[in-house]
Every structure is written in C-alpha cells, then in structure tokens.
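Let me give you the structure first, and then I'll get to my questions.
The values are calculated or read from the model by the stated rules, or taken from the named source; none is laboratory data. Being a predicted model, the structure only gives us computed values, none of them experimental. Glycine also receives a Cβ, built like all others from the backbone with ideal geometry; neighbour counts cover every protein chain displayed. Ligands, DNA and RNA are stripped out before the accessible areas are found, and what is left, the full protein with its side chains, is counted by its heavy atoms. Shrake-Rupley method; radii C 1.70, N 1.55, O 1.52, S 1.80 Å.
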Amino acid sequence: MDTLALEAKSAKNDGAPTPAPSAKPRPKPPKKPKRIVYFEVEIVAAKTKEKLLLLDKVEPTATILDIKSMFHKSHPHWYAARQSLCLDPKGKPLRDEEILQELPVGTTATFYFKDLGAQIAWGTVFLIECIGPLVIYLLFYFRLPLIYTPKYEFTTSKHWVVHIACMCHTFHYAKRILETLFVHRFSHGTMPMRNIFKNCSYHWCFAAWMAYYINHPLYTPPYYGESQVKTALGIFLFCQLGNFSIHMSLRNIKHAGSKVKKIPYPTKNPFTWIFALVSCPNYTYEVGTWLGFTLMTQCVPVLFFTVVGFLQMTVWAKGKHRSYIKEFKEYPTLRSPILPFIL
C-alpha cells in the first residue's frame, strides 16, 4: 500500500505545473545627495563698520583665500594679499587656509576688513636690503670722490685687514642674495611696501657707517694684530658655514608652497647639531658672524650694529620659540630660543 501511494503522489506531482522562479529583489533607490548648507558672508569695514559686500550661497568648504578672491572681484584695488579679514574688529587676522565651516560662526558670518596697504614680495625686500649694503660698502672701499679728502681718492689702504674685511662683508651679503634667490622659502608671500623703507634704512645706514670708519685713511688696525684678525676670520667663516647649513636644513623640511610647519632636528651635518639646544640657530650663527667681524675690525660702529642686530634677532627667536611650543606638544624642552641654556 505504501508503494502504491508513493507512485500515485509522484504521478500527481509530475502533472503539476512547475512553480514560478522567485522574483528578483528590487534595486535600492539611489541615495539622495546630502543637502549642502550654504553660508551667507558679510564683509564690513573694521573702522567705519560700513557694509562692503554681501556674499550669498558661499560653500561651507570655502577658505578665507576664496572669500578674499570673491571680495577682490567686487573691489579690484583690494587684491588678496592686501586684505586682512577678522572675526572681530580688533581681532587677529584669519589665515588664508582656514575653512569657513570650521570657524566659530553661524550660517551668516560677518568678517571685518582691514586694508594692509600696497604689498611687496618678501623676496624682493630681502634682495633690496642686501644689494644696498653690498654696493655702499664697496663705494667706501674704493674711496670714490666726495667721500674722503681729495688726496685719498681712489687710493688703497695700507692695512691688509681692511681688504680682508671688505671680502668678508661682500661675501656675507652676496651669500644672502644667493640664498634669497635659491634657498629661502617664505611663509608669507608679501609684506606692506612701507616697511621696505624702514628695513632698508637700517641696513643701508649701518653699512655706510661701518664702511666709512673701516675704510678711512686714518683707520687703526686691531690691537693684537695678525693673531686677532686670523682668529676673528675663523669665527666669521665658521658661522657663515653654520648659517648656510641651517638655511639648507630648514629648506629641506619644507616643501615649496606648503605652509605646514615641522620641527627641525639635527641632521648628519655637524653644523645642524645645535638644533638640539636652540630653536633658531640661524640667528645664533648670524650673531656669531658679526661678533667675528667686530673682533676683526675692532670698530665701534660694527659693535653697535652687532648689539642692535642681536636684540632684534632675540625678539624674533623668542616669538618663533613660543610658536613651536604652542603648535607642537612634543617639542624638545631642552631648547632655548637663541643662546643655549641662556636665552
């Protein structure tokens, strides 16, 4: 009986229609693009509070430089480098790379505009600063007319240290010019044009003051003579090599066009080992250069220039040292701004 039942059931199944295949799953509908929340940016004059421009539908990923470019289209005489945008009339200028949506503002943002004045490239300023002293010093060295008394026109000094001093001074500023052209990478592209007069007057006037006395017909050579000059020359050349090594090291850790800061560390070059103790060894070597030149010439104007330069470079070094500490939590604690363990 069981066998017959199975056969009957099998025959019944053979005659039944084949079940339809299961339906394919419907494709998921495409995701709707995320809704972009645009910003409304208002630019106001910091002094007068006058409304200068209203930008509608600004993308949240726009940078401050993008906003400056938009502002420049409406006000062509205010190019991007000339603009300073702040969140407060007396606040700190915003960096070009800062992004709109990451700023502490709502969808309606107000920026306060300040005119920085006509700008000039940093590289151009450096070149003008260095070419001036180079030429001025040589004018005194060759004793051109109207500088000293007529009988000394176009004469040559009898003291060999004067010729060495001229070579050192020329070498220093020629080196700075070449570094400006081929080595330095400036974090800031421009500076106010009015600063060029202040910077150049400082370097040019000091160069003329030093050159006048060193190349004077009545110039008195160093008290300890040849030994003093040779020692000073060694210090001068050592510090010049050190300064160049630091500039090359700083260039190698920073890519062209990049504003990303990195901690400089000592390399295989022995002149860079001072990075273990100093944040700004380029200034340390620069001060050493002028100390050597002071010792070589035994000239009061050179000493005065060295002291003033040291004070200014100390201010710059302290500022950069604080910036390193603020930006990098792992910054070496043993380092000093400009002089190891002292300053």
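Kindly list, by first and then second residue, each pair from a residue in segment 119-131 that is more than 10 Å from Ile196 (Cα to Cα) to a residue that is surrounded by fewer than 18 Cβ atoms within 10 Å (Cβ to Cβ) and at pLDDT 95 or above, limited to pairs with Cβ atoms under 6 Å and residues at least 6 apart or on different chains.
Cys130/Ile177
Another question about this same structure. Considering only residues that are among the β-branched types (Val, Ile, Thr) and surrounded by fewer than 18 Cβ atoms within 10 Å (Cβ to Cβ), which ones fall in segment 236-258?
If the condition is that a residue be among the β-branched types (Val, Ile, Thr) and surrounded by fewer than 18 Cβ atoms within 10 Å (Cβ to Cβ), then Ile253 is the only one that fits.
So Trp273 passes all but one of these: (1) closer than 17 Å to His247 by Cα; (2) open to solvent by 10 Å² or more (accessible area, probe 1.4 Å); (3) in contact (Cβ under 8 Å) with a residue 60 or more places away in the chain. Which condition number does it fail?
Result: Trp273 passes all but (3).
Next up: From Ile235, Ile246, Ile274, Ile196, grab the single residue that is under 30 Å from Gly117 (Cβ atoms), part of a helix (DSSP H, G or I) and touching a helix residue (DSSP H, G or I) at 6+ places or on another chain (Cβ under 8 Å).
Only one candidate passes the filter, namely Ile196.
Name every residue in segment 39-69 that is assigned to a strand (DSSP E or B) and open to solvent by less than 40 Å² (accessible area, probe 1.4 Å), in order of residue number.
Phe39, Val41, Ile43, Val44, Ala45, Leu52, Leu53, Leu55, Val58, Thr63, listed by residue number.
I want to confirm something. Restricting to segment 277-298 and keeping residues that are open to solvent by less than 10 Å² (accessible area, probe 1.4 Å) and outside any helix (DSSP H, G or I), which single residue is nearest to Phe244 (Cα to Cα)?
Among residues in segment 277-298 that are open to solvent by less than 10 Å² (accessible area, probe 1.4 Å) and outside any helix (DSSP H, G or I), the one nearest to Phe244 (Cα to Cα) is Cys280.
Considering Ala207, Ala211, Ala174, Ala165, which residue is open to solvent by 20 Å² or more (accessible area, probe 1.4 Å), under 26 Å from Ile235 (Cβ atoms), outside any loop (DSSP other than H, G, I, E, B) and among the small types (Gly, Ala, Ser)?
From the options Ala207, Ala211, Ala174, Ala165, the qualifying one is Ala174.
Residue by residue, here is whether (1) within 28 Å of Ala232 (Cα to Cα); (2) out of contact with any strand residue (DSSP E or B) (no Cβ under 9 Å at 6 or more places or on another chain); (3) surrounded by fewer than 17 Cβ atoms within 10 Å (Cβ to Cβ); (4) small (Gly, Ala, Ser) holds:
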| position | (1), (2), (3), (4) |
| --- | --- |
| Gly117 | no, no, yes, yes |
| Phe126 | yes, yes, no, no |
| Pro133 | yes, yes, no, no |
| Leu146 | no, yes, yes, no |
| Phe154 | yes, yes, yes, no |
| Val161 | yes, yes, no, no |
| Phe182 | no, yes, yes, no |
| Pro217 | yes, yes, yes, no |
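May I pose another question? Just to be sure, is Leu100 open to solvent by less than 30 Å² (accessible area, probe 1.4 Å) and over 30 Å from Tyr212 (Cα atoms)?
yes
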